[in-house]
Amino acid sequence: MRSELKALSETVHANGRVRLDPDKLAVSIARALAPRLVDKLGAQIAASEKRMTETLSSLERRVVTVGDNMVAKVEEVFQKATSWFEKLEKIAARLKGALTWAGIGMVSVTLLPYVFAVMVGGMVLGLVGQMFGIPEIFGWAWASFVAAEAWWLKLIIAVATVGSALGTCWVVYWLGNKAARGLSRMVT
């Protein structure tokens, strides 16, 4: 009885281990579940595909509508620009005929006071500048700008220098206008 028990125990122990092949198990589960999944999920997939197709069609129609609107706006802008260029072309054609020697002479006479003001202003500014040391002042401003380490100090120096130069240009422009008005009074 002991020997039979021992033999039976060894047989049970040898056959008691369960060995599973994962590939075979996966294939058998897939064969069993595939028809059920196709039946249950097929209708849902078809409905989802139909909704997605409808959504994409709706989006396509919206994109086409927006594109048509944008094309219409661009066409309108181009038409306005074309009409504006046509007006400019007509004006240029009229000006082309208007610029004769007499017209050029009138433009020259009109510019004469400004040339005079620039020349006189330049000479006066040159003399006054030499007297008051304006070139030295601008040289000093540049040297100060280069030597300044803080950005705000450089900004103050730049603004003051450019402002004084623009003020000088304004004085020349003002003198040119005065001379032009005086010349126009003398001509008429």
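Filtering the range 144-167 to residues that are exposed (fewer than 11 other Cβ atoms within 10 Å of the Cβ) and part of a helix (DSSP H, G or I) leaves 146, 147, 151, 152, 159, 163, 166, 167.
Residue check: is residue 20 part of a loop (DSSP other than H, G, I, E, B) and hydrophobic (A, V, I, L, M, F, W, C)? So residue 20 passes the test. Listed conditions (1) in a helix (DSSP H, G or I); (2) modelled with pLDDT under 80 are all met by residue 27, apart from (2). Among the residues of the range 34-58, those identified as open to solvent by 80 Å² or more (accessible area, probe 1.4 Å) and hydrophobic (A, V, I, L, M, F, W, C) are 37, 38, 45, 52, 56.
Listed by first and then second residue, the pairs with beta-carbon distance under 7 Å, at least 6 apart or on different chains, first residue in the range 161-175 and closer than 19 Å to residue 110 by Cα, second open to solvent by 60 Å² or more (accessible area, probe 1.4 Å), are 172/118.
The values are calculated or read from the model by the stated rules, or taken from the named source; none is laboratory data. Keep in mind that what you see is a predicted model, and the values were worked out from it rather than measured. All Cβ positions, glycine included, derive from the backbone under ideal geometry; neighbour counts span all protein chains shown. With ligands, DNA and RNA removed, areas are computed over all heavy atoms of the protein, side chains included. Shrake-Rupley method; radii C 1.70, N 1.55, O 1.52, S 1.80 Å.
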